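> Take a look at the following structure, please.
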Amino acid sequence: MLKNVKYLIYKDYGFRINYELLYDLYSPIIGSEATNLYINLFHDSQKVAKTNNLTTFLKDFQDFCGLNQNKFDELRAKLEAIGLLATYLQENISNEEMVYHFVIKEPLSFEQFIDNQKVKHLLINSIGQLNYEKLEYMYMPSRIPSDATNVSSTFEMVFNDKEIENVKNYNFDKLYKDIAKNTSTVITLNNRSRQIIENYYENFNLSSSEIEHAIYSCIVESDTGYEADPDLLQNKLHEYVTSAKNVTTITNLKLHRNASMFIKNLSLNDKETIFNEYMNLNAEQYLSAIYKTPLIAEELETINQLRKTYKLPDYLINLLVDFTIFKTNGKLNKTYITKIAKTINGLNLSTLNDVYNYFVYKNESINQILNTTKKEETQLVKINWDEM
């Protein structure tokens, strides 16, 4: 005997559809019919809520949407595959009845959506590279003027509770559970390894799966069993950050650079955080993370000249880029940055600390000179910076 097929629709509290994301990202891949089915499911969920979750016949909903069974199944599969719908089937109610439970999901943010490289590939294939770059521009974070200082309160400033001082942002409990699912070997992480993981998770947007796989590749035997070697772990995570050599655009990374870093010495923690970013991003990635856009030909040419002509490593190029942009009102001035490159080579400055300290020293010298007359100030500033 044919079963009576009924359905229920669920959505999370506060659920809303971001129609811009739905039509910009999802619709080009799944098509307009699947998009309309998703919207109909959402509106029907409102009716289900009004009727106290009473089940109704699926055939009635299909007729309302103008879909036969095969077409409904085809479009439903697209919604499930793209992550907008999850479907559960309850068959054991009685011999004559079964119920579909549809859970509709909110569209992901632009950053979350393109983080899935396969979905990103499908989107570019559907709309073309030029239209994709337009979307990147539309969804990039708002640009704040380079001379504006971030004065926002941090979490620690507001919630200064001793009980949460040692709580990490990264979910290590989940990490241990995930490791336990994949191996019976007990793997421990010492404090240094945990700090390395926390740093890469916060500053370089590594996924939990990347961190987990990095741990598997650096397990060593210890007196108490097995542990992740912190040096090997740092090298492996560094590889993940820099392995995509052809990736020249990173738009979703929040850098910790700030305009005051060349005026006064940073704290050790702030300096380590910024220097880690210099070390772990190539020059193209770092500059694109600053501007939140793909690099133009002149910017790529400048970076290439600093590498090949002045023989600078990427971490020093990143420091020079920061210094130049802060000194030239947000622009990468090619003439200015190549003069600086020539100067630091002439002074045989080859480490981040040496070059950074030199920049701070030059600024301090200028600030002392500013106590003289206006005329002397103008002349001496010109001598100090333009002749570098």
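> Which of the residues belonging to the stretch 96-142 are farther than 22 Å from A81 by Cα and touching a Lys or Arg at 6+ places or on another chain (Cβ under 9 Å)? Spell out the reasoning first.
Initially, the stretch 96-142 is screened for residues farther than 22 Å from A81 by Cα, giving 96-98, 129-131, 133-142.
Within the stretch 96-142, E96, E97, M98, E136, Y137, M140, P141 meet the criteria.
> Right, another one. Within the stretch 90-118, track down each residue that is farther than 17 Å from E20 by Cα, within 16 Å of the chain's Cα centre (by Cα) and surrounded by 13 or more Cβ atoms within 10 Å (Cβ to Cβ).
Residues satisfying the conditions are D115, N116.
> Among the listed residues E80, E111, identify the single one that is in a helix (DSSP H, G or I) and at pLDDT below 90. It would help to see each step written out before you state the result.
Numbers: E80 fails: at pLDDT below 90.
Every option except E111 fails the conditions.
> Counting only residues that are touching a Ser or Thr at 6+ places or on another chain (Cβ under 8 Å) and under 23 Å from T338 (Cβ atoms), how many does the stretch 259-301 have?
Final tally of qualifying residues: 11.
> Are there any pairs, at least 6 apart or on different chains, whose C-beta atoms fall under 6 Å, with the first in the stretch 128-139 and farther than 16 Å from L295 by Cα and the second open to solvent by less than 80 Å² (accessible area, probe 1.4 Å) and not acidic (D, E), and if so, which?
Close Cβ pairs (under 6 Å, with a partner that is open to solvent by less than 80 Å² (accessible area, probe 1.4 Å) and not acidic (D, E)) amount to Y139/F110.
> Can you list the helices (runs of 4 or more DSSP H) found entirely within the stretch 278-382 that contain at least 2 residues being loosely packed, with under 13 Cβ neighbours inside 10 Å and at pLDDT 90 or above?
On the way: elements: 283-291, 297-308, 314-327, 334-346, 352-369.
Filter on the stretch 278-382 gives 297-308, 334-346.
> What are the pairs, 6+ residues apart or on separate chains, where a residue within the stretch 349-361 that is farther than 11 Å from L316 by Cβ and touching a residue at least 24 places away in the same chain (Cβ under 8 Å) has its Cβ under 6 Å from a residue that is assigned to a helix (DSSP H, G or I) and hydroxyl-bearing (S, T, Y)?
Pairs that qualify, where the first residue is farther than 11 Å from L316 by Cβ and touching a residue at least 24 places away in the same chain (Cβ under 8 Å) and the partner is assigned to a helix (DSSP H, G or I) and hydroxyl-bearing (S, T, Y): there are none.
> For the stretch 22-44, what are the residues that are aromatic (F, W, Y), more than 13 Å from F72 (Cα to Cα) and more than 23 Å from the chain's Cα centre (by Cα)?
Going residue by residue through the stretch 22-44, those that are aromatic (F, W, Y) are 23, 26, 38, 42.
Filter once more, keeping what is more than 13 Å from F72 (Cα to Cα): 23, 26, 42.
Result: F42, single match.
> OK, next. Taking the stretch 134-154 as the region of interest, how many residues are under 17 Å from L21 (Cβ atoms), hydroxyl-bearing (S, T, Y) and open to solvent by less than 80 Å² (accessible area, probe 1.4 Å)?
1
> Moving on to the next point. Out of the stretch 198-230, which residues are over 20 Å from N282 (Cα atoms) and touching a Lys or Arg at 6+ places or on another chain (Cβ under 9 Å)?
E198, S208, H213, A214, I215, S217, C218, P230 - these are the residues of the stretch 198-230 that are over 20 Å from N282 (Cα atoms) and touching a Lys or Arg at 6+ places or on another chain (Cβ under 9 Å).
The values are calculated or read from the model by the stated rules, or taken from the named source; none is laboratory data. In this text, all values refer to a predicted model and were calculated from it rather than measured experimentally. For neighbour counting, all protein chains shown are included, and Cβ atoms are generated from backbone atoms with ideal geometry for every residue, glycine included. Side chains included, ligands, DNA and RNA excluded: accessible areas come from the protein's heavy atoms. Shrake-Rupley method; radii C 1.70, N 1.55, O 1.52, S 1.80 Å.
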